[in-house]
1. If you put +1 on each Lys and Arg Cβ and -1 on each Asp and Glu Cβ, how big is the dipole of chain A around its Cα centre, in Debye rounded to 20?
2. Using only Cα atoms, tell me the angle between helix A:308-323 and the longest principal axis of chain A; keep it within 0 to 90° and round to the nearest 10.
3. State the Cα centre-to-centre distance between the stretch B:220-279 and the stretch B:300-322 in whole Å.
4. Defining a contact as two alpha carbons under 8 Å apart and six or more residues distant in sequence, what relative contact order in percent does chain B show?
5. Can you tell me the dipole magnitude for the stretch A:195-302 around its Cα centre, using point charges on the Cβ only (Lys, Arg +1; Asp, Glu -1), in Debye to the nearest 20?
6. Given the rule -39500 (n - 2.57) for each run of at least 4 DSSP H residues, summed and divided by the residues of the protein assembly as shown, what is its mean residue ellipticity at 222 nm, to the nearest 500 deg cm²/dmol?
7. B:R193 label points, 7 Å along Cα→Cβ, one per copy: pairwise distances from this copy to the rest in nm, shortest first?
8. Each residue of the stretch A:255-269 in order: what ³J(HN,Hα) in whole Hz does its phi give by Karplus 6.51 cos²θ - 1.76 cosθ + 1.60, θ = phi - 60°, with x for Gly and Pro?
There are 2 protein chains.
Amino acid sequence: MPKRVGPRRPTQVEIAQRAGVSQATVSLVLSERDGAPVSEETRRRVQQAIEDLGYAVNPAARALRGMTVKTIGLYTFESVFPVDQRDFYHPFLVGVEEEAARLGYDLLLFTSANTAQRGVYAKGRNALLKSDGCVLLGRHISRDDLANLAKEGFPFVFIGRRDIEGAELSYVAPDYVAPTAALVEELAALGHRRVLLLRQSDGAEPGEDRELGFRQGARAAGLAPDDLLVEYSGGAGDIGADRVTGWVRDGVTAVLVEPSEDNATGVALAEVAEAAGVRIPDDLSVAFLGSAPAPTATRIWTSFEIPRVEIGRAAVRLLVNLLEGAEEPPLQLLVPCIDVRGNSISRVVRR
Amino acid sequence: MPKRVGPRRPTQVEIAQRAGVSQATVSLVLSERDGAPVSEETRRRVQQAIEDLGYAVNPAARALRGMTVKTIGLYTFESVFPVDQRDFYHPFLVGVEEEAARLGYDLLLFTSANTAQRGVYAKGRNALLKSDGCVLLGRHISRDDLANLAKEGFPFVFIGRRDIEGAELSYVAPDYVAPTAALVEELAALGHRRVLLLRQSDGAEPGEDRELGFRQGARAAGLAPDDLLVEYSGGAGDIGADRVTGWVRDGVTAVLVEPSEDNATGVALAEVAEAAGVRIPDDLSVAFLGSAPAPTATRIWTSFEIPRVEIGRAAVRLLVNLLEGAEEPPLQLLVPCIDVRGNSISRVVRR
DNA sequence: CCAGGTGACTAATACGTAACGACTGCGGGC
DNA sequence: GCCCGCAGTCGTTACGTATTAGTCACCTGG
């Protein structure tokens, strides 16, 4: 790693010489604290020298003294950084940026880390140290990385709920339990008795929470445990015509889908159902436990939206609370989702 | 600015103690340079200690020693940061991010600086020092800031061509001259003799370049200097029906529009022309010297597109060349634009 | 006249790293 | 037998800052 080029820039020592004071006094003037015991005359001379020489404080030296550097890191476990608007995670980035700016922090995007494909602890180990603290993102997390970070005491906030054995971590996440339970109760009220939950096969906490809400809602609505079905999908390819018609033949009248980021599963389900002659919602009610495929002229999917921008903002707020010493980790926050009333569920027709 | 919290992390000294060597040797092992004279046995012991204690190099200390920290800054003179997809500058951000990631640099967004509304030299003066070098962006530049940065020898690349008196700066910019000249020649070939250039009233270099191309193209096509008109627009409100009909009455058959970021001028022109009964292109040919308003079912504006993502990439490449010592500033690059063949210009009808 | 206090300033130090120059064996050339 | 060069290692220093523990002159009340 080469030396930095260009002319050296002035230091506090040079300011001090020009103003005829000591370096310590320059530092005092710069820190501008209320009770700083420095005479008006001295302060003026120092500030004049700063002006003349164009002095700028050296952030590296500050950081080495253990000061914070007013920088929040953003790291994603996904393979690309969510600057592209089509990315599922893009709204989180927007929220994080907004709130960081509002609170006077710069935002460091750890773009190099994921290309190195070694995760947080790449190369020189723990690239995140360039920031005061970090917002972490993405579905394909490395649990080891999270555990290590927590053990090291590095300040970070994860977006999404995750349980790590032996370490409690700070996170802000959407509340999937409540709206899922509400949807099940609504379906029950519409006459549905046999309901299927189609989970992502990654077995992550968001899926667990949806299943928890699924069972809570069913219990509250008095559905029989035997009529609660749970299946898994590894992606669009897992949804075939025989599978969908099989559900209907089996007496299932409603399917709750845990969406993937790209919603390929959801799109596939819609296409396959149409091709197989299964009408939505007449033959099968379908709802998404999260972001649904884009609405069309005739179809608005019943679902709920994750307030992604707001979650990004909240993550930064939490992190800054940690950094500025007001709170102790873990700090955890659940954010309510927003119901989307669609036309993809309906009252069940008895035959 | 408060002290950083949390437990201290291990240093090279502690690694050294555990491995039974000196701190200098640890540093040698870590630098991993080809000709590093350290025995295999020692290297192994040191690496074991690093593993055991979970050592991570301290970026602040490195930076203080004058090393680069593999971080590229991005600063915008606009009031908001272009994370929002609707922002004119968003594609630049995408390109910058891509290339930074590819070259192994992290990307530091100076979001706090613009809220402080004091520019580059806010607060502690020159926030950009947190990065090795910086990509600068935005139309509403501060010429003082640019001049100061150049004088200080801070490595940066501006996106867009700018001339600063007494300082040559590095930039990458779209070539407005060539495509503008080509458009004028095309119009002349279609029989146009009296052509108007409608400039943004900020008088910045992009406008100058367009006017240069305007005159070059006219000369090449043999148009009379008296038939070259130049007017200015301060925004959508400046475009009234009387102004547009005035052009036509004055014998103008074609208008070249320098677009603003939000293209409000262009949209206004289209609406006003239609309301005033001036048909495009039959009564008046219109072309945009840059990004045009969005196309509709019946209208594709003749214009040329700025390859914004590619420009973002190129800016990072230039900057990294500067940082890694291969080149000396100023480094300047013009990127060709992409013609958009529309239906908003046509052969002039003699009456 | 002195103890104690206060306001204004400074010397010294620590932060963790990279690099330079020195030091030690040791084998080889003369 | 002596010196040279080399591989391998270490001691020391510098980077620029914030802070601690002073120093010093001057004042104030007794």
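1. Computed charge dipole of chain A: roughly 920 debye.
2. Approximately 40 degrees, to the nearest ten.
3. The distance from the Cα centre of the stretch B:220-279 to that of the stretch B:300-322 comes to 28 Å.
4. 17
5. Dipole about the Cα centre, nearest 20: 320 debye.
6. Helix contribution divided over all residues of the protein assembly as shown: -11500 deg cm²/dmol.
7. Result for B:R193, in nm, nearest copy first: 8.8.
8. Values per residue, Gly and Pro as x: 10, 9, 10, 7, x, 8, 4, 8, 6, 4, 4, x, 4, 4, 4 Hz.
Taken together, the values in this text are just the output of simple stated rules run on the coordinates, not laboratory data. Note that this is a predicted model, so its numbers are computed, not measured. Please note: Cβ atoms are built from the backbone with ideal geometry, for glycine as well, and neighbour counts cover all protein chains shown.
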